[in-house]
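Shown below is the structure under consideration.
The values are calculated or read from the model by the stated rules, or taken from the named source; none is laboratory data. This structure is a prediction, so every number in the text was calculated from the model and none was measured. Virtual Cβ from ideal backbone geometry, glycine too; neighbours counted across all protein chains shown.
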Amino acid sequence: MRIASVLLPMPLPEAFDYAEPEGMDLHVGDQVAAPLGPRLIRGVVTALRDGTGGNRPLKPIDRKIDDPPLPASTLAFVEWAARYAAEGPGQPLAMALRGLRAPRPKPERIVVATGAAPARMTPAREKVLQVVADQALPPPRLAEAAGVSSGVIKGLINEGCLAIEERLAERVAQTLDVSPRGDRLNPGQAASAEALNARLDAGGFSATLLDGVTGSGKTEVYLEAAAHALSLDPQAQVLILLPEIALTQAVIARVADRFGAAPGEWHSAVDPPRRRALWEDVAAGRTRIVVGARSALFLPFRKLALIVVDEEHDSSFKQEEGFIYQGRDLAVARAHLEGCSVVLASATPSLETLWNARQGRYNWLKLSARHGVATLPDVALIDLRQTPPERDHWLSPPLVAAMAQTLARGEQTLLFLNRRGYAPVVLCKACGERLTAPDTDSWLVEHRYTGRLVCHLTGFSMPKPDRCPHCGAKDSLISIGPGVERVEEEARERFPEARIAVFSSDTVSSGQSARELVEAMERGEIDILVATQAAAKGHNFPGLTLVGVVDADLGLRGGDLRAGERTFQLLAQAGGRAGRADRPGRVLMQTWAPDHPVMQALAAGDRDGFVETEMELRQLSGLPPFGRLAAVILSGPDPVQLEAFARELAAAAPNAEGVEIFGPADAPLSLIRGRRRKRLLVRADRTVDLSAYMAAWRARVKPRGALRLTIDIDPYSFL
Ligand code: ADP
């Protein structure tokens, strides 16, 4: 008998053993239905060995599932990701199987020829038989293709010349035009593309930072490398990762244009049947180029040749819920496991990546000028202490004047504010209470389009009440501060004739709506776009010449480890949307702290100076990239029990050289959905295997009852 270890896509510490039933002939990677308690669960065979299972008989596997097996390299990646995250492998496996949630597609009824000739041939019958010889189609589509009535087809079926069969619609492989287009590239781009191609020719793992100013043509360069990778091997596959769905749409269009076929598309807005189809196509090698969000890393690629992480600095690559991981880091790990190339592209690379490039671990390619006649925009700070906006307004006189000039020239403005909704805080002027979500200590955000108060943390929402829920005073609620909807209101008030739109995850919820808004902006049908970060990155809007940053200080207020870095990146990116075509652009940043080093660096366009200062600070305190961090988040409904568990956990920390532990302390968000939260922060020297340390620590304690323990390796959120 053989014993099969089956990994189940659930938070379990390891794979379970089952008996392989006689004649099932399993292989590693096969998907099976395995019993767990009263249920049957889809799992993946990770190992097979001879044995009997000892004195306790093993439960047999129920059946093999007729879905493609998980490739060995995907399985290895799942196991690697689990070790890195100090988690069991079930959670990353769930990510890898996510595409299979939709049922298998149903077979279609299609018409096939039987070979029998009709007793009487007519031109209509002849046409039908011709079409059938070429293609198997469902009856209505056959009638349409042959240009005949359904009666003709019925007649041929009755005579036995045609028959109906049930069949899965045939899925065809992408045919891509991978011929080189290097002659399109300017000399700087061509040099970068050649360097990437040389790495691809050499084969094996390589990591490259493609470091180019906004608009320098990084996309052109990596698409050229993608074409090269695909041309080297007819089986090769390429994955392009992007941080935002809105951006995926733009890159999908460029890929379709470059390769003459649409790439596979993978992100949360793709519906389950299409996800399943893509999963199967990737596993079968029919899909050779995929554009997607971070979770596309877990797709069952057969032969990855290149992974591109575009806007690699973007914190959206960090997944904060469920299985917690940093997509950029896992992309490098996957490339390493696959023995392929990875390209990290950005105009404002993360400190981690710059550090790796400086150490020589990554190749470093630079593009220092915009393509063609486009030049980098002028950046100026607006000192709000000198020229504040009017009361209850948010746009200062210099910004309004610049918008008026831009409008008069028929050019476009982007107003950037990284805050959804109308107002971030709603306050009762009678009792002073700020409205929060129930059992959660985060403020409710007013959304005027929907007339609701929304908690951005938990998704809770309620209609805006006309009385204060605390003191009952009528009409006493006032909205404090601006979100994009409020800035839009002000823009309309000031420029009633302008065409204005809002781009945020509330107004753009699907790939389709993102595409429509982006295209309208590209065609110049919008004069003023008020946008959160969803629209501030990556796009090319040729008529956009003015970027106004409404609140440049916003990101600095949280004050976490990466606040400065993130603010610099976000504002440089947002500013980088201006003047990308033939007309010069400018960026105006409204700030209360024009002397802050981040504002000074932005105004001077001094990225390297900023990076230098920031690196020194990080080095002094041993923070990433000079040290490693991990967070432990504990939560539970009962504060006393939670406190006791936090103390027990702290006491159980393994002793290790080069590890410091801070906390436990109440988390800044100390109450979410009725659960209290505490945090610990672990800092370790780079020589410490922090994942292994955290896993060892976790193994020493067991959260009881409703208590939860989450480990976040390399945290980006400290809330
Ligand atoms: P990045 O990704 O660095 O921001 P893009 O690749 O989006 O830059 O290029 C910016 C703009 O310049 C795009 O509209 C792109 O089509 C155009 N562009 C860049 N390089 C070339 C080139 N060699 N030939 C023609 N157009 C180019």
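Could you grab the pairs with beta carbons closer than 6 Å, sequence gap of 6+ or different chains, first residue in segment 118-147 and surrounded by fewer than 17 Cβ atoms within 10 Å (Cβ to Cβ), second one part of a helix (DSSP H, G or I) and of a type in the set (D, E, K, R)?
Every condition considered, the pairs that remain are Pro118/Arg125.
Scan segment 361-370 residue by residue and report those that are within 16 Å of the ligand (Cβ to nearest atom), surrounded by 19 or more Cβ atoms within 10 Å (Cβ to Cβ) and in a loop (DSSP other than H, G, I, E, B). I'd like the intermediate steps shown before the answer.
Filtering segment 361-370 for residues within 16 Å of the ligand (Cβ to nearest atom) gives 364-370.
Narrowing further to those that are surrounded by 19 or more Cβ atoms within 10 Å (Cβ to Cβ): 365, 367, 370.
Of everything in segment 361-370, just one residue is within 16 Å of the ligand (Cβ to nearest atom), surrounded by 19 or more Cβ atoms within 10 Å (Cβ to Cβ) and in a loop (DSSP other than H, G, I, E, B), namely Arg370.
Pairs, please: C-beta under 9 Å, at least 6 apart or cross-chain, first residue more than 19 Å from Leu384 (Cβ to Cβ) and in segment 583-609, second β-branched (Val, Ile, Thr) and surrounded by fewer than 18 Cβ atoms within 10 Å (Cβ to Cβ)?
Partner pairs satisfying both residue conditions: Pro584/Thr375; Gly585/Thr375.
Please indicate, with yes or no, whether at least one residue in segment 506-513 is free of Cβ contacts under 8 Å to residues at least 12 places away in the same chain, more than 16 Å from the ligand (Cβ to nearest atom), outside the structural domain of Val251 (by TED's automatic domain parsing) and assigned to a helix (DSSP H, G or I).
yes
Among the candidates Leu48, Leu40, Leu36, Leu12, single out the residue that is in the same structural domain as Ala72 (by TED's automatic domain parsing), aliphatic (A, V, I, L, M) and in contact with a helix residue (DSSP H, G or I) (Cβ under 8 Å, 6 or more places away or on another chain). So that I can check it myself, show each step before the final result.
On the way: Leu48 fails: in contact with a helix residue (DSSP H, G or I) (Cβ under 8 Å, 6 or more places away or on another chain); Leu40 fails: in contact with a helix residue (DSSP H, G or I) (Cβ under 8 Å, 6 or more places away or on another chain); Leu36 fails: in contact with a helix residue (DSSP H, G or I) (Cβ under 8 Å, 6 or more places away or on another chain).
Answer to the selection: Leu12.
Tell me, yes or no, whether segment 476-494 has at least one residue that is charged (D, E, K, R), surrounded by fewer than 13 Cβ atoms within 10 Å (Cβ to Cβ) and either touching a Cys at 6+ places or on another chain (Cβ under 8 Å) or not in a helix (DSSP H, G or I) (or both). First the steps, then the outcome.
Going through segment 476-494, the residues charged (D, E, K, R) turn out to be 485-486, 488-490, 492-494.
Of the ones still in play, those that are also surrounded by fewer than 13 Cβ atoms within 10 Å (Cβ to Cβ) are 493.
Those left that are additionally either touching a Cys at 6+ places or on another chain (Cβ under 8 Å) or not in a helix (DSSP H, G or I) (or both): none.
Checked against the condition, which is being charged (D, E, K, R), surrounded by fewer than 13 Cβ atoms within 10 Å (Cβ to Cβ) and either touching a Cys at 6+ places or on another chain (Cβ under 8 Å) or not in a helix (DSSP H, G or I) (or both), segment 476-494 yields no hits at all.
List the helices (runs of 4 or more DSSP H) inside segment 205-316, counting only whole elements, that have at least 2 residues being within 16 Å of the ligand (Cβ to nearest atom) and acidic (Asp, Glu).
Working: elements: 218-232, 245-259, 272-284.
By residue number, 218-232.
With over 24 Å from Leu415 (Cα atoms), modelled with pLDDT of 90 or more and either under 28 Å from the mean Cα position of the chain (by Cα) or among the β-branched types (Val, Ile, Thr) (or both) as the only criterion, which of Ser442, Ser476, Ser461 stands out? So that I can check it myself, show each step before the final result.
Numbers: Ser442 fails: modelled with pLDDT of 90 or more; Ser476 fails: either under 28 Å from the mean Cα position of the chain (by Cα) or among the β-branched types (Val, Ile, Thr) (or both).
Exactly one residue qualifies, and that residue is Ser461.
Ala195 versus (1) of a type outside the set (Lys, Arg); (2) at pLDDT 95 or above; (3) in contact with a helix residue (DSSP H, G or I) (Cβ under 7 Å, 6 or more places away or on another chain): which is the lone unmet condition?
In the conditions (1) of a type outside the set (Lys, Arg); (2) at pLDDT 95 or above; (3) in contact with a helix residue (DSSP H, G or I) (Cβ under 7 Å, 6 or more places away or on another chain), Ala195 misses (3) alone.
Take the residues in segment 376-392 that are buried (at least 16 other Cβ atoms within 10 Å of the Cβ) and under 30 Å from Ser216 (Cβ atoms), then tell me which one is nearest to the ligand (Cβ to nearest atom). If you could, list the steps in order and put the result at the bottom.
In the first step, residues of segment 376-392 are kept if they are buried (at least 16 other Cβ atoms within 10 Å of the Cβ); the result is 376-377, 379, 381-384, 389.
Applying the additional criterion that residues be under 30 Å from Ser216 (Cβ atoms) yields 376-377, 379, 381-382.
Numbers: Leu376: 11, Pro377: 13, Val379: 17, Leu381: 24, Ile382: 26 Å.
Per the criteria, the residue is Leu376.
Can you name the number of the only condition in (1) without any contact (Cβ under 8 Å) to a residue 60 or more places away in the chain; (2) loosely packed, with under 15 Cβ neighbours inside 10 Å that Arg686 fails?
(1) is the only condition that Arg686 fails.
Hey, any hits in segment 423-433 for a residue that's in contact (Cβ under 8 Å) with a residue 24 or more places away in the chain and closer than 16 Å to Thr532 by Cα? Let's see the steps before the verdict.
First, the residues of segment 423-433 that are in contact (Cβ under 8 Å) with a residue 24 or more places away in the chain: 423-431, 433.
Subsequent filtering for residues that are closer than 16 Å to Thr532 by Cα retains 423-424.
Yes; the residues of segment 423-433 include at least one that is in contact (Cβ under 8 Å) with a residue 24 or more places away in the chain and closer than 16 Å to Thr532 by Cα.
Has segment 338-360 got at least one residue that is outside any loop (DSSP other than H, G, I, E, B), within 16 Å of the ligand (Cβ to nearest atom), in contact with a helix residue (DSSP H, G or I) (Cβ under 7 Å, 6 or more places away or on another chain) and under 18 Å from Gly575 (Cα atoms)?
yes
Does Leu453 satisfy the criteria of being within 27 Å of the chain's Cα centre (by Cα) and assigned to a strand (DSSP E or B)?
Values: within 27 Å of the chain's Cα centre (by Cα): yes; assigned to a strand (DSSP E or B): yes.
For Leu453, the condition - within 27 Å of the chain's Cα centre (by Cα) and assigned to a strand (DSSP E or B) - is met.
Just one of (1) within 30 Å of Glu280 (Cβ to Cβ); (2) part of a loop (DSSP other than H, G, I, E, B); (3) touching a Ser or Thr at 6+ places or on another chain (Cβ under 8 Å) trips up Pro180, so point out which.
The number of the failed condition is (1).
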